[in-house]
Amino acid sequence: MSSSLQARPSVPVAPRRSTASAAVAVGLIGAVFLAVAPVLVVAGPSAGEAVTAAAIVAAVCAAAAPVLALLALLRRRPAAAGALLAGAGAVALGLAVMDLQLWESPIDANRLELFRPLTAARLDAGPGAVAVLLGHGLAVLAGVLGMVTVARAAEADGYGRSDFPDHDGAAVGRRIGAPLSAAAATAALILAAALCAAPLHSADPVLLMRPLLGSPAATAIGTALVAVAVLVVVAAALVSVSPAVASGALLGAATAALGLVGSRLVAGLVADGVSAGPGPVAGTLAALALVAVAAAVPVVAPARARRGLDRLLSGPARRSGDPVLGRKAAESAARARLDRRHAVAGVATVAAGVLAVVGALLPLLALPAGVPEPRLLVTRLALVAGATLVVAGAWLLLSEFAALVRPAVGVLWAAQVMAVAAALQAVVVASDLPGAGPGLGAVVLGLSAVAATVAGIAVAIAGSVERDGIDTSAPPEPRTAVLAIGVPAALASVAGLALPLYRGTDFGPASVAQWPWGWDLWGRALLAVVVATAVWVAARSRPARAASLLVGSAVGMGIYLIGWPLTSARVAEPVAGLGAVGAILGVVLLGAAAVVAVRPRR
């Protein structure tokens with residue numbers, strides 16, 4: 001009997017180590033491909049020492065995650081090794097999509113870490129382009145294997161354990177404290193925003209440096225995926241229960257992103273005819289900040305646990321020897337922390353809504369004297385979305401309702417960003433008028449979108465604090481009834497957001513088939529991702545929280561849908577488009593899924 005019990009722990013260890021070993025091997029092979037790619041012909045001859053310097057930076061950053069994962073594996077830390085590769089692999093997915101531009105139009109790829117075109121003549125992808133695509137593809141595969149390694153490690157006893165009871169099984173964001181968590185989230189946001197800017201400033205007529213929205217499809221989609229990957233990895237790291245895994249994921253994603261923005265910065269400093277703009281500078285600093293946070297997590301988390309344990313041992317419960325008193329004190333402290341997080345989220349939500357309302361009422365355009373301002377009806381949608389967020393934020397400030405309303409706000413912030421993006425796109429179009437430019441209202445609306453994003457992050461942090469008191473050792477199975485209605489609801493919502501809401505004899509809202517996308521389509525894409533994610537999360541959530549998520553999704557889709565009556569007057573003879581059909585179905589099905597989700601689990 002005793003021998004069989006002693007043999008059990010060895011059963012999961014071998015496959016876990018073997019999976020981690022395979023992940024490290026694949027990652028190292030991918031790093032070799034990326035290192036030799038600039039030496040080969042990528043797309044015609046490369047020129048200048050700037051390409052060499054940028055290639056060295058990119059190669060070192062690409063090799064950082066697999067090399068560090070190898071060291072972690074040699075120290076018998078497979079979970080940390082898997083997390084390193086998973087973080088880097090998430091970013092590599094976007095880089096692989098960017099590589100496709102090397103076949104479509106290499107001269108527009110702007111990959112100075114690989115080559116610099118000397119003329120505007122047609123270029124063809126060479127063996128170096130194949131090598132770099134294989135390298136990033138293997139990095140993605142290593143990331144998938146790394147995620148499997150982390151998932152298997154999470155099933156082991158003692159995963160996420162802490163000697164301090166208040167941190168035992170708690171999220172890393174709670175273990176490291178609000179300042180360091182906020183630093184990681186801020187750095188991720190800055191890095192994502194920096195990727196939207198033009199890679200470099202060019203005085204060379206051969207090199208046309210465009211921002212994200214003006215870039216070719218492969219470059220734009222790949223860059224957007226890199227930005228989303230950084231945000232997702234940082235959020236996942238902060239809600240992880242293992243400091244080692246969180247640190248590895250942050251470090252892997254940061255070094256992979258640093259290979260992109262850092263090589264651009266070096267190329268801008270060394271190359272002739274180009275210069276580094278604010279995008280590469282801010283992106284490099286943000287990536288380095290994420291590296292610093294990743295290095296601080298394994299130090300700060302145990303230090304805070306030791307201090308908390310010292311306070312606990314010297315507290316009144318210890319002196320009196322009353323375990324009930326100690327438990328009640330811990331519960332009271334947990335409620336106080338949650339109330340503070342809800343208050344922060346509520347203030348950010350209300351501020352975002354107020355800014356949207358104010359921005360919608362102010363002039364969106366700065367026009368020369370005597371020029372009448374055009375009628376921009378899309379401000380009505382921003383006004384409604386802002387007012388909705390103000391109401392939701394007010395409920396968040398009421399502690400007795402905050403926990404129930406919070407999941408809905410986790411979707412509504414994206415609806416406001418969608419509405420603000422539509423208004424800003426109208427400003428972009430109207431700015432083509434002679435002497436016209438963004439007005440005060442456009443600036444305030446932009447600030448409201450930033451505040452709404454901050455509110456979404458604050459809501460996510462508050463949710464992670466609440467889940468600290470819930471037993472998550474056995475992840476709940478998805479509820480089939482919720483998925484049966486929620487999945488069609490998500491598909492209908494995504495279709496509604498992708499297709500035109502209405503059409504007229506003049507024009508109508510754009511669809512995803514029109515490239516490049518404007519701000520309005522990127523905002524709708526964000527809402528589609530958030531709604532689809534909310535449906536999946538709701539299927540695994542407690543009934544009340546699931547219903548709140550789905551109601552928030554239905555309200556968000558409703559805000560998009562009322563854009564039809566609010567803004568259709570800008571076209572002649574408007575008629576409903578396919579987007580309206582999808583949006584209506586989405587609202588109805590999301591409401592039905594909320595009703596089903598209210599029913600408790602059996």
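The values are calculated or read from the model by the stated rules, or taken from the named source; none is laboratory data. As the structure is a computational prediction, the values presented were derived from the model and not from experiment. Cβ: placed from backbone, ideal geometry, glycine included. Neighbour counts: every protein chain shown. Heads up: the accessible areas ignore ligands, DNA and RNA and are worked out on the full protein's heavy atoms, side chains in. Shrake-Rupley method; radii C 1.70, N 1.55, O 1.52, S 1.80 Å.
Kindly evaluate VAL428 against the criterion of being open to solvent by 50 Å² or more (accessible area, probe 1.4 Å) and either basic (Lys, Arg) or modelled with pLDDT under 85 (or both). Yes.
Exactly one residue out of VAL51, VAL57, VAL41, VAL24 is open to solvent by 30 Å² or more (accessible area, probe 1.4 Å) and either in a helix (DSSP H, G or I) or modelled with pLDDT of 90 or more (or both): that is VAL57. Restrict the check to segment 517-524 and report whether at least one residue is within 29 Å of VAL429 (Cβ to Cβ), over 22 Å from the mean Cα position of the chain (by Cα) and assigned to a helix (DSSP H, G or I). No, segment 517-524 contains no residue that is within 29 Å of VAL429 (Cβ to Cβ), over 22 Å from the mean Cα position of the chain (by Cα) and assigned to a helix (DSSP H, G or I). The residues in segment 571-587 that are of a type outside the set (Asp, Glu), out of contact with any helix residue (DSSP H, G or I) (no Cβ under 8 Å at 6 or more places or on another chain) and either farther than 13 Å from LEU501 by Cα or crowded, with 19+ Cβ neighbours inside 10 Å (or both) can be counted, and the count is 2.
In segment 369-377 there is no residue matching the filter, namely being farther than 24 Å from VAL529 by Cβ, surrounded by fewer than 18 Cβ atoms within 10 Å (Cβ to Cβ) and at pLDDT 80 or above. ALA244 - would you say it is among the aliphatic types (A, V, I, L, M) and closer than 21 Å to LEU34 by Cα? Spelling it out, it is not the case that ALA244 is among the aliphatic types (A, V, I, L, M) and closer than 21 Å to LEU34 by Cα. The single condition among (1) at pLDDT 85 or above; (2) open to solvent by 20 Å² or more (accessible area, probe 1.4 Å) that VAL535 does not satisfy is (2). Here's a check for you: in segment 241-298, which residue that is open to solvent by less than 20 Å² (accessible area, probe 1.4 Å), in contact with a Gly (Cβ under 8 Å, 6 or more places away or on another chain) and hydroxyl-bearing (Ser, Thr, Tyr) is farthest from TYR159 (Cα to Cα)? Here the answer is THR284.
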